[in-house]
């Protein structure tokens with residue numbers, strides 16, 4: 001009898017000592033990237049300075065007429081004071097070239113204009129289950145934009161996917177809104193669509209596609 005009482009008392013003590021911990025957000029510590037990652041995901045301390053007003057512009061302007069401030073891997077937002085990384089830009093009726101999901105779980109989308117010598121621009125959709133974006137105050141906008149892209153272009157599983165996915169050639173057009181961002185130069189490993197000034201829309205906050213579809217190209 002004494003043995004049973006001792007076992008019961010021990011079990012009660014262990015139960016009282018056990019306090020369950022809150023679960024972490026799915027994937028938040030297991031995906032994401034580096035090199036100004038907090039700026040890319042609007043989770044940096046200066047993200048609140050990003051303006052609400054949207055500036056309509058063109059790929060030609062964004063890729064050729066802006067000054068590249070040459071940031072480092074940990075450079076804060078808008079360190080050059082130009083205001084470019086505090087601005088939400090809108091591009092209208094641009095061409096869709098290709099997309100892929102990269103190692104950091106972003107959807108990497110290449111856009112093109114209708115210039116006689118087309119200019120290309122990168123737009124990135126973070127996965128909001130990953131670090132940075134998971135805690136951003138603009139998480140809902142990023143998540144909606146990624147979902148809208150995946151649905152419009154017939155890639156529904158890409159909305160939540162964190163694993164890499166190979167290139168999908170695209171056809172169609174889109175209107176997007178995204179925050180200005182200057183990436184680091186990639187040298188010989190430059191990604192498809194990299195602008196001469198290394199400017200990107202990163203992250204995308206709104207996406208509206210028109211006749212977007214996956215196609216085969218030679």
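Values as computed for the structure displayed
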read-out	value
Between 0 and 90°, nearest 10: helix 139-152 axis offset from the chain longest Cα axis	60
Residues residue 70 and residue 171, FRET efficiency given R0 of 41 Å [Cβ-Cβ distance, rounded to 0.05]	0.75
Ascending count of other beta-carbon atoms within 10 Å, so fewest first, for 122, 192	192, 122
From the coordinates shown, semi-axes √(5λ) of the Cα gyration tensor in Å corresponds to which of [x] 34, 21, 15; [y] 42, 21, 15; [z] 30, 20, 17	[y]
Per-residue Cβ neighbour rank within 10 angstrom, fewest leading, 50, 110	50, 110
With Cα atoms, 0 to 90° folded angle of helix 2-17 axis to the chain main axis	30
Beta bridges per DSSP with both ends in the chain, % antiparallel, nearest 5	85
Helix-derived mean residue ellipticity, 222 nm - over the chain, DSSP H n ≥ 4, -39500 (n - 2.57), to 500	-5500 deg cm²/dmol
Ranking of 207, 125, 173, 181 by count of other Cβ atoms within 10 Å, fewest first	173, 181, 207, 125
Stretchable slack from residue 102 to residue 217, in nm (0.36 nm times residue separation minus alpha-carbon distance)	39.3 nm
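Only the coordinates and a few stated rules stand behind these numbers; no lab work does. Here the structure is a predicted model, which means the values were calculated and not measured. Don't worry about glycine lacking a Cβ; one is built from the backbone with ideal geometry, like all the others, and counts go over all protein chains shown.
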